[in-house]
1. Hey, among Ser136, Ser105, which residue is part of a loop (DSSP other than H, G, I, E, B) and modelled with pLDDT of 80 or more?
2. Given (1) over 29 Å from Leu187 (Cβ atoms); (2) modelled with pLDDT of 95 or more; (3) of a type in the set (Lys, Arg), where does Arg424 come up short, assuming only one miss?
3. Out of the range 107-144, which residues are surrounded by 21 or more Cβ atoms within 10 Å (Cβ to Cβ) and more than 23 Å from the chain's Cα centre (by Cα)?
4. How many residues are under 26 Å from the mean Cα position of the chain (by Cα), open to solvent by less than 40 Å² (accessible area, probe 1.4 Å) and under 18 Å from Asp413 (Cα atoms) if we restrict to the range 283-332?
5. Counting residues that are open to solvent by 30 Å² or more (accessible area, probe 1.4 Å), modelled with pLDDT of 50 or more and among the polar types (S, T, N, Q), which strands (runs of 3 or more DSSP E) fully inside the range 163-230 reach at least 1?
6. Farther than 17 Å from Arg424 by Cβ, out of contact with any Lys or Arg (no Cβ under 6 Å at 6 or more places or on another chain), assigned to a loop (DSSP other than H, G, I, E, B) and of a type in the set (Val, Ile, Thr): is that true of Thr339 in this structure?
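The values are calculated or read from the model by the stated rules, or taken from the named source; none is laboratory data. Keep in mind the model is a prediction, meaning the values are calculated, not measured. All Cβ positions, glycine included, derive from the backbone under ideal geometry; neighbour counts span all protein chains shown. Just so you know, the surface numbers come from the protein's heavy atoms only, side chains and all, with ligands and any DNA or RNA stripped out. Shrake-Rupley method; radii C 1.70, N 1.55, O 1.52, S 1.80 Å.
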Amino acid sequence: MFKLFSTRLSMVQFAAFLAATSSAFILSACAGGVGEETNSIVGAAEDDQSVPADMLDPQVTAPGTVDSMVTDTAPTQTDKQADIGYVDAEVIVHDSTPTDIRVDSYFYGRIYNNGGQILDISVKLPDGVQQAKTDSLGKFTLNNLPDGTYPMFVSTGNSGEVAYLLQNGTYVKSILGPVSAAVVSSLDASSFDAPPVETIFYDEEADSSPVVGSDSSYVPFEPADSIAPAGNTGTIDGGTSLSPGTPYNGYFTIVAANELPNDIDYGVVKHWNSGILNASTEKDQNGIVTSLKEWNVEVKFVLNSVDAENNYIKNIFGQFGDEGSYFSLALINGECGTTAPSLAFFVGEDNKFSCSSAVISAAEVKANETMSVTATVNNGLLKLYKNGFLIANNYVGYSLQKTAEVPPFVFGDTEFDLKLNDVRLGEKAINSADVLYRYYQ
């Protein structure tokens, strides 16, 4: 996730620098912002303009090499721009002999890695490769980086080579991903356009319409193995924005934060990938999920048809039966406040399903479209992802109890025109980086 920090040169600092160089200058823009988004690749708070001391890089406060000469007679810095905390692309101080000085185009980023290992960064440019190394916190700096979108490869100890798309420009600075190194060349920035987070919150005891929002009223902190930076609003790996049309100044410190994915099979305890028959069942001798505080379900499937007329709850993959109800990833319509076919993930509350023990998304569901849906459970916090991106989250505070007889796994529904391609059950509440990385495998 990206967190934007910024610093701004005061006029006193500019005057001091001018005195040292004995010439007037123009500070050209050399760093960029990122596009505004509701559930784009990373969300971050826009009102925090402070810079933590550990993120400051003394190199960022010094200008670089000589640029082309520009003569101008009118200043472009305004009081209004200064008030909102951003410096315009051009700060002009007038003198009889104007001279330009270029500030290096820094990209100052961060890749979260919980192991604390040093990472090798390699950015593939049209005319070569630029390389860097992170520190133990994952921070790195790229100097003189030209504007554009480039594949960035990160070599790690646990996942081999992981790829991202790095965007560098006047108005955009972001790291999009992670994805497999094998597929990054076939992707562009639009591949990471995420849908909004639209969770349906429904009070079964209230006689009112459901509320569609981006977050539940209470969401606990993420666990230590899934730390996201402050400002996370349920979004995935991207950035925040300046005021429209306001470029960054070259002296700003940009911190672009993303997470590394875990291994592709991280946490997987059961995997079905062939011969999955609709409406079939399989015994579970152990009752795996009842012993876990965190776990996940990953399902790839195609709905051959979607019923938008009748009310129903139809199971896609779950574990329930006469013995009890543990969980169900389902398609629902007309239930729990839904007004159109919707994806929902139910967990058993006192061994039964209810609207209050589910996360429900208002995202559109289409027929004849391959969907990859992931549901994660983490101490009562439920998250639902579709095609790599978060679409709903809800805190239900459930307590799943193991029954005397363990119910079977259930694939599909007898009244469902459904094809299941791949089903995985895991013992970890995998993070957003894991979900995206697995989707683009």
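1. Just one listed residue meets the conditions, Ser136.
2. (1)
3. none
4. Qualifying residue count, the range 283-332: 12.
5. Details: elements: 173-180, 199-201, 211-213.
Because the criterion is at least 1 residues that are open to solvent by 30 Å² or more (accessible area, probe 1.4 Å), modelled with pLDDT of 50 or more and among the polar types (S, T, N, Q), no strands (runs of 3 or more DSSP E) in the range 163-230 meet it.
6. Values: farther than 17 Å from Arg424 by Cβ: yes; out of contact with any Lys or Arg (no Cβ under 6 Å at 6 or more places or on another chain): yes; assigned to a loop (DSSP other than H, G, I, E, B): yes; of a type in the set (Val, Ile, Thr): yes.
So Thr339 passes the test.
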